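Sharing a structure here in structure tokens format.
The values are calculated or read from the model by the stated rules, or taken from the named source; none is laboratory data. For clarity, every value in this text was computed on a predicted model and none was experimentally measured. Neighbour counts are summed over all protein chains in view; Cβ atoms, including those assigned to glycine, are modelled from backbone coordinates with ideal geometry. Heads up: the accessible areas ignore ligands, DNA and RNA and are worked out on the full protein's heavy atoms, side chains in. Shrake-Rupley method; radii C 1.70, N 1.55, O 1.52, S 1.80 Å.
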Amino acid sequence: MRALTLALGLLLCAGQASAANAYKFYDVDVENAPAVLAATDAFMNSETGKRFKGALHLNTYLANGASPATHAFVMLMPSMAAITAWEAEMAASSDGASFFSSLRANGEATGESMGSMLKAWGDTDDDDRVWMVTRFYTTNPLAVLAAQEKLMASPDMRNAPGQVHLNSVAVGNRSGANNSFATHMFAVGYKSVEEMEGWTQKINASPAWAEYLTSMRDVVTWHGTDLLVISKLYDQGMSISDFAD
């Protein structure tokens, strides 16, 4: 995991592109999920798809509020520059054209966002498939980092399952009423919904969690939490553990 000093520097420039490991969300309202999965398999096995050096997660939303999206493609690569270069290569290929044609025939894009990995805590296990994604707005990212560090160091978190990622939401970050926007995102991974549910019940009764929420009250505006599961993972060049390093 990154040193604290690097994480602090990245947090200070969270709204800017950086050379940190980066992600991109592509939210999609899918009408025919098997067809989209087949199209994704076909592309990733194509000549162009085999040149991809990152990770692509095809996720299914279990709950995401008012959003019409049913699925999300999440791309992990070494930088935002690498993501945009790959998108250009993909768009210029016949394999990419076939893939996008299949997507348009079976669903509709609803939004995109992109940002950088800042810091991770916990066991960065590649087998985690269930993710809680919480976006938020803050003007004091250092206070957020300090509160998270204190929480993760508390005895109440000693046996916490899963992993916690703190990411910037650098671009494509406007959503919700009154043109509100997120600056950051927590992504918390678990092996199963059962593991997530059991830990959530336990931590909700924890004094450390209550102190954490209180400390964040004046520095964070929460945008709500989505729950999704990785339906298919193509980690051809970057695992979840690699992304968190």
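Just to confirm a number: summing +1 for Lys and Arg and -1 for Asp and Glu over residues other than M238 whose beta-carbon lies under 13 angstrom from that of M238, what do you get?
-2
Pull up all non-local amide H partners of S79: gap of 5 or more, or a different chain, and H-to-H distance under 5 Å with H placed in the peptide plane.
A22
Starting from the Cα-Cα distance between L213 and D235, subtract it from 0.36 nm times their residue separation and give me the gain in nm to one decimal.
4.5 nm
Quick check: net charge around F181, other residues with Cβ under 12 Å of its Cβ, Lys/Arg +1 and Asp/Glu -1?
Net charge in that neighbourhood comes out at +2.
Before I look further, what does the chain give for accessible area per residue, probe 1.4 Å, in whole square angstrom?
About 47 Å² of surface per residue is accessible.
Next up: Using the Cα centre as the reference, give the magnitude of the dipole from point charges on the C-beta atoms of region 165-240 (Lys, Arg: +1; Asp, Glu: -1; all else neutral), rounded to the nearest 20 debye.
160
Going through the cross-link list K24/K150; K50/K191; K24/K119, which pairs have a Cα-Cα distance over 23 Å in this structure?
Beyond 23 Å between Cα atoms: K24/K150; K50/K191.
Once the other residues with Cβ under 9 Å from the Cβ of A55 are scored (Lys, Arg +1; Asp, Glu -1), what is the net sum?
Neighbourhood net charge equals -2.
HN-Hα J couplings of region 223-232 from phi, Karplus 6.51/-1.76/1.60, θ = phi - 60°, integer Hz, Gly and Pro as x?
Here the 3J(HN,Hα) series is 9, x, 10, 9, 10, 9, 10, 6, 7, 8 Hz.
Over all distinct alpha-carbon pairs, what is the Kirkwood Rh of the chain in angstrom?
When all Cα pairs of the chain are included, the Kirkwood radius is 18.6 Å.
Take the alpha carbon atoms of region 133-207, find their center, do the same for region 41-96, and report the distance between the two centers in whole angstrom.
Rounded to whole Å, the Cα centres lie 24 Å apart.
Right, next: Calculate the spin-label point distance for A63 paired with R104, positioning each point 7 Å from the Cα along the beta-carbon direction, and give it in nanometres.
Label-label distance for R104 and A63, simple model: 3.6 nm.
Please give the FRET efficiency for N204 paired with R174, using the beta carbon to beta carbon distance and R0 = 35 Å, rounded to the nearest 0.05.
Computed FRET efficiency for N204 and R174 comes out at 0.70.
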